1. Return the residues of region 1-32 that are under 17 Å from the mean Cα position of the chain (by Cα), over 16 Å from residue 141 (Cα atoms) and either at pLDDT 95 or above or not in a loop (DSSP other than H, G, I, E, B) (or both); say none if nothing qualifies.
2. In region 59-80, is there at least one residue being at positive phi and either in a loop (DSSP other than H, G, I, E, B) or touching a residue at least 60 places away in the same chain (Cβ under 8 Å) (or both)?
3. For region 96-126: of the residues being more than 27 Å from residue 68 (Cα to Cα) and either in contact with a strand residue (DSSP E or B) (Cβ under 7 Å, 6 or more places away or on another chain) or exposed (fewer than 15 other Cβ atoms within 10 Å of the Cβ) (or both), which is modelled with the lowest pLDDT?
4. Within region 93-118, which residues are within 13 Å of residue 150 (Cα to Cα) and assigned to a helix (DSSP H, G or I)?
5. Quick one: count up the residues across region 139-153 that are part of a helix (DSSP H, G or I), surrounded by fewer than 19 Cβ atoms within 10 Å (Cβ to Cβ) and without any contact (Cβ under 8 Å) to a residue 60 or more places away in the chain.
6. Mind listing whichever residues of region 33-56 are in contact (Cβ under 8 Å) with a residue 40 or more places away in the chain and part of a helix (DSSP H, G or I)?
């Protein structure tokens with residue numbers, strides 16, 4: 001559920017800029033047109049420059065032609081054609097895209113889903129339904145980190161998740 005009470009704080013948020021002063025761009029990837037439009041508008045209202053894709057295939061095509069590439073990809077997991085997992089795999093496999101920050105925005109939140117996301121190289125998670133403030137905080141937090149900081153965050157999150165899963169019982 002989107003928390004509409006955050007709307008005023010979203011409009012009042014300071015503009016997010018790159019060190020060179022240009023607005024940071026974010027690629028929003030979701031097969032649901034309403035969610036895609038909502039996410040893009042929220043990001044625009046908080047000072048980001050969003051552009052969108054309706055599938056993993058379209059996202060990769062947009063990334064191939066984006067000059068400069070976006071600062072972050074906000075990626076849904078459950079999509080037709082090429083799902084978010086495979087899109088993330090493809091992004092991480094390409095040297096020219098591997099540095100991009102990727103935040104998964106998904107209903108998939110089981111420990112297995114989280115472990116898969118971290119192992120594939122996502123830099124953050126926003127679980128649907130979400131509060132606007134949580135979405136913006138996650139995007140801000142990920143973008144505040146340099147690539148090495150994002151790698152450390154992924155490793156720490158994966159370790160924390162592994163520690164939270166009870167060990168299996170060996171009955172042999």
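1. Quick first cut of region 1-32, residues under 17 Å from the mean Cα position of the chain (by Cα) only: 2, 16, 24-32.
Pick out the ones that are also over 16 Å from residue 141 (Cα atoms) and you get 2, 27-32.
Residues satisfying the conditions are 27, 28, 29, 30, 31, 32.
2. Residues of region 59-80 that are at positive phi, as a first pass: none.
No, region 59-80 has no match at all.
3. Initial filter on region 96-126 (more than 27 Å from residue 68 (Cα to Cα)): 107-116.
Next, only the ones that are either in contact with a strand residue (DSSP E or B) (Cβ under 7 Å, 6 or more places away or on another chain) or exposed (fewer than 15 other Cβ atoms within 10 Å of the Cβ) (or both) stay: 107, 109-112, 114.
Details: 107: 91, 109: 82, 110: 86, 111: 85, 112: 86, 114: 88.
Among those residues, the one meeting the criterion is 109.
4. So in region 93-118, the residues within 13 Å of residue 150 (Cα to Cα) come out as 98-103, 118.
Within region 93-118, just 118 meets the criteria.
5. Keep residues of region 139-153 that are part of a helix (DSSP H, G or I), which gives 139-144, 147-153.
Add one more test, that the residue is surrounded by fewer than 19 Cβ atoms within 10 Å (Cβ to Cβ), and what stays is 140-141, 144, 147-149, 151-153.
Then keep just the ones that are without any contact (Cβ under 8 Å) to a residue 60 or more places away in the chain; that gives 141, 144, 147-149, 151-153.
Looking only at that region, the number is 8.
6. Narrowing region 33-56 to residues in contact (Cβ under 8 Å) with a residue 40 or more places away in the chain: 35, 39, 42-43, 46, 48.
Selection gives 35, 39, 42, 43.
The rows are residues; the columns are (1) buried (at least 18 other Cβ atoms within 10 Å of the Cβ); (2) at pLDDT below 95; (3) closer than 22 Å to residue 130 by Cα; (4) under 13 Å from the mean Cα position of the chain (by Cα).
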| residue | (1), (2), (3), (4) |
| --- | --- |
| 37 | no, no, yes, no |
| 60 | yes, no, no, no |
| 69 | no, yes, no, no |
| 72 | yes, no, yes, yes |
| 76 | yes, no, yes, yes |
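The values are calculated or read from the model by the stated rules, or taken from the named source; none is laboratory data. Computed from a predicted structure; not experimentally measured. Quick reminder, even Gly has a Cβ in these numbers, built from the backbone with ideal geometry, and neighbours come from all protein chains shown.
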